[in-house]
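Read the figures in this text as sums done on the coordinates, not as results from a lab. Since we're looking at a predicted model, the values are computed, not measured. Counting neighbours? That spans all protein chains shown, and the Cβs are built from the backbone with ideal geometry, glycine included.
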Amino acid sequence: MTRPTVAIAHDYLTQRGGAERVVLTMMKAFPEAKVYTTLYDPDGTYPDFADADIVTSPLNRILLLRRDHRRALPLLAPAASRIKVDADVTIVSSSGWAHGFDIPGRSVVYCHSPARWLYDSERYLGGPTHRSLLGLGLLAVQTPLIRWDKRAAAARGTYLANSRVVRDRIKATYGIDAEVVPAPHAMDASAPQEPIDELEDWAGGYALVVSRLLPYKNVDAAIESARHSGHRLVIIGRGPEEARLRALIPPNVRMFSGLTDAQMRWAYAHARVLVAPSHEDFGLTPLEAAAFGVPTIALRGGGYLDTIVEHETGLFFDHPEPDAITAVLDRADLHPWNPDVLRARAEEFGEARFIERIRAIVDAEGMVG
């Protein structure tokens, strides 16, 4: 019996984030799979993708769009619809576009969230939609894009959600019941580390934020907390808010982007606490920190409720405001954390468990085997 071919579809490979990490784990589960995507920027995403067989849309010929996928917004729906996936089974990693690819075969959609920029645009943009050029562009295409998005969702097969909050959002948006399959973390605390020279004088004495730099991530609230409290803060990330945030940082805050994986491991290992101030679909960074025995203080809500065990692996604040962050950060410094408990929590969300589950789901659907 001929084994069915498997492909992986993803929105765009232009960033270094949790969704891209999930795709890398999917590639480990299905090593022969081609990866289909709209845009691929080797310099902007993880270097691990260099060894993959990646199929892109014609938009990928335009350097400006590879470097900033948000500029492609009016073009992505038609471009996505024209990407024909040549496989018997497609594992779709989507938060807005990949579920709309032309997929003649069977499909399993791993939904990171229904498109935030489409259904929760004000939070995504950090203010009223009509007050920015990107927002005005979105308003011009929002109604047809919602129609396109819901048709695409209805055409797909099994839906999986990365957290309970996303499961509920999928039901509310599409009327689809999705099984929760928590995303994996791929942080290997035993792998080599590379020191960050500018941080060696702070090793073991800083709070850490690891985040894309977007308005709804509330990184500015963490900066203001550090400014007024005097806590040392390290921010690692990139995104459209980078220039604005760099202009805000006081001397006790340092910001980095484009770090290697070895440098990321060093940054986690030498932090005393992770600060997670945004409303996330899946709480990935607390698991990465826990792999090094580092606790988290986080906004109470979203995916953090699935990955943080209060008082054991983290503490919550109820509002993304500087004073609230500072108060809980002070409590975290006095809390009796157990590094073994933290590491055990991270292990519950390891790659091996995710790979086993995603393969089992595909097998149960009669798609592979």
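I'd like the Karplus ³J(HN,Hα) series for region 77-84: coefficients 6.51, -1.76, 1.60, θ = phi - 60°, whole numbers in Hz, and an x wherever there's a Gly or Pro.
So the J values, rounded to whole Hz, are 5, x, 5, 4, 4, 9, 7, 8.
If you plug each phi of region 301-309 into the Karplus form 6.51 cos²θ - 1.76 cosθ + 1.60 with θ = phi - 60°, what whole-Hz ³J(HN,Hα) values come out, in order, with x for Gly and Pro?
x, x, x, 4, 5, 8, 10, 9, 9
What does the charge count near residue 262 come to, summing +1 for each Lys or Arg and -1 for each Asp or Glu among other residues with Cβ under 11 Å from its Cβ?
Once all neighbours under 11 Å are counted, the net charge is -2.
Would you mind working out the magnitude of the charge dipole of region 1-122 relative to its Cα centre, with +1 at each Lys and Arg C-beta and -1 at each Asp and Glu C-beta, to the nearest 20 Debye?
140 debye
Summing -39500 (n - 2.57) over the DSSP H runs of n ≥ 4 in the chain and dividing by its residue number, what mean residue ellipticity at 222 nm do you reach, to the nearest 500 deg cm²/dmol? Could you put the intermediate results ahead of the total?
Values: 15 runs with 141 residues, N = 369.
Roughly -11000 deg cm²/dmol at 222 nm, from the helical runs in the chain.
Put +1 on the Cβ of every Lys and Arg and -1 on every Asp and Glu Cβ in the chain; which of 24, 209, 95 then has its Cα farthest towards the positive end of the dipole?
The residue sitting most towards the positive pole is 95.
Evaluate the distance, in nm, between pseudo-label points positioned 7 Å from the Cα of residue 188 and of residue 247 along their respective Cα→Cβ axes.
4.2 nm
What's the magnitude of the charge dipole for region 197-347 around its Cα centre, counting Lys and Arg as +1 and Asp and Glu as -1 at the beta-carbon? Answer in Debye, nearest 20.
Its charge dipole is roughly 220 debye.
Using the Cα centre of the chain as origin and beta-carbon charges of +1 (Lys, Arg) and -1 (Asp, Glu), tell me which of 109, 301, 45 is placed farthest towards the positive end of the dipole.
The Cα lying farthest towards the positive end belongs to 109.
Enter the Cα centre distance for the pair region 65-113 and region 151-167, rounded to the nearest angstrom.
Their Cα centres are 14 Å away from one another.
For region 268-275, in order, what is each residue's ³J(HN,Hα) by Karplus, 6.51 cos²θ - 1.76 cosθ + 1.60 with θ = phi - 60°, in whole Hz (x at glycine and Pro)?
5, 5, 9, 7, 9, 7, 9, 10
Which of 148, 202 has the fewest other C-beta atoms within 10 Å, and how do the rest follow up to the most?
Working: 148 19, 202 16.
The fewest-first ordering by Cβ neighbours comes to 202, 148.
Please give the length that would be gained between residue 68 and residue 257 if that part of the chain were fully extended, namely 0.36 nm times their separation in residues minus their C-alpha to C-alpha distance (nm, one decimal).
Values: separation 189, 0.36 × 189 = 68.04 nm, distance 1.59 nm.
Answer, rounded to one decimal: 66.5 nm.
Once you wrap a convex hull around the alpha carbon atoms of region 197-347, what is its projected area averaged over all directions, in nm²?
8.0 nm²
Under 5 Å between amide hydrogens, which residues at least 5 positions from residue 55 or on another chain qualify, with H placed 1.01 Å from N in the peptide plane?
Here 35, 36, 37 satisfy the definition.
Running a GNM on the chain with Cα contacts under 10 Å, which residue among 86, 261, 51 ends up with the highest mean-square fluctuation?
So, out of 86, 261, 51, the one fluctuating most is 51.
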